[in-house]
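The values are calculated or read from the model by the stated rules, or taken from the named source; none is laboratory data. Treat the numbers as computed from the prediction; the structure is a model and nothing was measured. Cβ placement follows ideal geometry from the backbone for every residue including glycine, while neighbour counts extend to all protein chains displayed. For the accessible areas, the whole protein counts, side chains as well, though only heavy atoms, and no ligand, DNA or RNA atoms are used. Shrake-Rupley method; radii C 1.70, N 1.55, O 1.52, S 1.80 Å.
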Amino acid sequence: MSNSINKLITIERHIAENEAVYNEATGEFSRLLRDLTLAMRVISREVRRAGLNDILGETEKENVHGEQVKKLDEFAHNIVRRAMNHGGHLCAMASEEADGIIPIPDVYECGKYVLLFDPLDGSSNIEVNVSIGTIFSVYQRIDADATTPGKMNDLLQPGFKQVAAGYCLYGSCTNLVYTTGAGVNIFTFDPTLGEFFLTKENHRMPEFSPQYSINEGYYNRWDESIRKFVNYAKSEDDNKSAYGLRYIGTAVADIHRILLHGGLFLYPADTKNPEGKLRLLYELNPLGMLVEQAGGLATDGSQRILEIQPETIHQRRPVFMGSKDNVNEVLKFLS
Ligand code: P6P
């Protein structure tokens, strides 16, 4: 069971103590996560001032997906890149907002990790004051002893090889949720102190909850099996009440709710998105690792998300993730 915390522990201390659990406690991994939390503090501050700083709204640019880049998207991307490119712990990065590999500038040393991130997930919600978040995924490079710049195959690793995954959710408060494979830990930001305090350690999600999360506007684009599941979810009789529907439209916010309250998140393939919409490397793998570490499941409908061998940085996959019994229930409709 997860336990609420009555002692004051900052994320720096938790990372350092946690690294003792994680082998090769060289301090390099702690410094990587520490630098990442700095980036999130800066993004959190800017997200909360966006309206005042007039950095809402759109730039004239489009990202690799042909999506309009919001000013905050670009800001968050640059903050993570600048916070992480000189610490000597990374040999390469990849971001939703960049076409290919983000190299470490050759004036800095290359380290043994790679970072993949979605700088600001939920772009469509930025200027309507709905929760958005930063998602991150960390791997060791394939040749851990190399000191050369990272290559594409260092970035294209299956999710089960992640050494850390997490997100920072900028909602009514700022929550940082991360795992290094030894359980899910939740932190809450105190902006007056600039500190993330541990609020839940080794969090476990409910095994089932009568809630589902999907964009029902696409009902007519779905495969028949998805329509049958959704019709079942809405149905009620003497043995079953209708499930609740919650859909924020920011995956990291929907998954955060499901981590805490249980339920099922679905973004299936449809006639417009034959590979689904969510990206495997910097959305599904990190969120999938967190969900599994909290006792849930994450699948693309035919295989475990974390076992998919990536082929390109921005590839998409359909996803069904959440509480174990909720996922097993929808799988019965898919098969
Ligand atoms: P739709 C946000 O743009 C995002 O990538 C995810 O965070 C979110 O779950 C999804 O798109 C929402 O997509 O098609 O329902 O608007």
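Within the set R279, R304, R316, the sole residue that is under 20 Å from V163 (Cβ atoms), open to solvent by 50 Å² or more (accessible area, probe 1.4 Å) and either modelled with pLDDT under 95 or not small (G, A, S) (or both) turns out to be R304. Cβ separations smaller than 8 Å between residues 6+ apart or across chains give no pair from the range 62-87 residues that are not assigned by TED's automatic domain parsing to the domain that holds V128 to residues that are acidic (D, E) and not in a strand (DSSP E or B). N78 meets the conditions (1) modelled with pLDDT of 95 or more; (2) within 16 Å of the ligand (Cβ to nearest atom); (3) assigned to a helix (DSSP H, G or I) in every case but one. The failed one is (2).
Please go through the range 228-255 and pick out each residue that is part of a loop (DSSP other than H, G, I, E, B) and either of a type in the set (G, A, S) or surrounded by 12 or more Cβ atoms within 10 Å (Cβ to Cβ) (or both).
S235, S241, A242, Y243, R246, Y247, I248, G249, T250, listed by residue number.
One line per residue, one yes/no per condition, for (1) over 13 Å from the mean Cα position of the chain (by Cα); (2) over 24 Å from V184 (Cβ atoms); (3) not in a helix (DSSP H, G or I):
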| residue | (1), (2), (3) |
| --- | --- |
| A269 | yes, yes, yes |
| P286 | no, no, no |
| G295 | yes, no, yes |
| P310 | yes, no, yes |
| H314 | yes, yes, yes |
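Consider E109 carefully, then state whether it is part of a loop (DSSP other than H, G, I, E, B), buried (at least 23 other Cβ atoms within 10 Å of the Cβ) and free of Cβ contacts under 8 Å to residues at least 40 places away in the same chain. When the stated conditions are applied, E109 does not pass them. Restricting attention to the range 271-284, the residues that are within 11 Å of the ligand (Cβ to nearest atom) and either part of a loop (DSSP other than H, G, I, E, B) or touching a Pro at 6+ places or on another chain (Cβ under 8 Å) (or both) total 5.
Does Y212 satisfy the condition of being at pLDDT 95 or above and part of a strand (DSSP E or B)? Yes; evaluated as a whole, the condition is true for this residue. Confirm whether Y167 is closer than 24 Å to A16 by Cβ and either touching a strand residue (DSSP E or B) at 6+ places or on another chain (Cβ under 9 Å) or not assigned by TED's automatic domain parsing to the domain that holds R316 (or both). So Y167 fits the description; yes.
No other residue among L72, L56, L120, L52 is closer than 23 Å to L193 by Cβ and aliphatic (A, V, I, L, M) apart from L52.
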